[in-house]
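Here the structure comes first, spelled out in structure tokens, and everything after it is commentary.
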Amino acid sequence: MRRTQMRRMGLASVFALFLAVFGLAPAAHAADPAPAELTFSTDAATTTPGGTVNLSMTMTNNQTYDIWFIYQTIDPTWLTTQRPDLKYSFTGCTLATTGGSVPCSGTGPANLGGNYGTTIPPGQSRTVTLTLQVAADSGCNGNIAFYSYFYAEFSDSSNLSGGPVYTPETRVLCA
């Protein structure tokens, strides 16, 4: 009985070696990118009460069709909501264009997608920057962070829902 098992294992090993040598074994490859990707960045990791931080959101179209429509929300994380002494608001919004930054519409937690402007062609990105104003009487030594969900529709009638996507944390420091 042991000889039979050894022969089977030996035969399987020889077969696997044959496949590997002649390139017939399955090859590992990177996963395809998501059809659309949302990323966040900030211009500062810390601020003080009364300060501002620019929160940039970049939507990238990795699909072979145009993005025609985006719906996006942005809400504070649970830990941010647990610090009622942290006071902040979004006070500005700009869309980066080839001609420079232009004001965009809406800075609230609903339908930020309209801020990305016109259609996003395949392989291109649009960046929207929200200005986060920390109140002068805000508490200190807490982190402010947000999360976002988005929905995108493409010109081939397909769609994508994504999220949550988290922003980097901004620490409010005492001066």
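Only protein heavy atoms count here; on that basis, with a 1.4 Å probe, E169 has an accessible area of about 100 Å².
Taking Lys and Arg as +1 and Asp and Glu as -1, the other residues whose beta-carbon sits under 15 Å from that of G113 total -3. Take Y151: with every protein chain present and a 1.4 Å probe, its accessible area is about 60 Å². Measuring r between the beta carbons of Y149 and D43 and using R0 = 25 Å, the FRET efficiency lands at 0.60. Near the amide H of F146, within less than 5 Å, lie the amide hydrogens of T77, T167, all on another chain or at least 5 residues away, with H placed in the peptide plane.
Based on the Cβ-Cβ distance from N54 to N159, what FRET efficiency comes out when R0 is 30 Å, to the nearest 0.05?
Numbers: r = 30 Å, r/R0 = 0.99.
Step by step, r from the Cβ atoms, then E = 0.50.
Ordering D156, D137 by accessible surface, largest first, gives D137, D156; the 1.4 Å probe counts only protein heavy atoms, with every chain in place. Residues whose amide H lies under 5 Å from that of G92, counting only those 5 or more places away or on a different chain, are T131; hydrogens are built 1.01 Å from N in the peptide plane.
The values are calculated or read from the model by the stated rules, or taken from the named source; none is laboratory data. What you see is a predicted model; the values in this text were computed from it and never measured. Backbone-built Cβ (ideal geometry, glycine too); neighbour counts: all protein chains shown. The accessibility values were calculated without ligands, DNA or RNA, using every heavy atom of the protein model including side chains. Shrake-Rupley method; radii C 1.70, N 1.55, O 1.52, S 1.80 Å.
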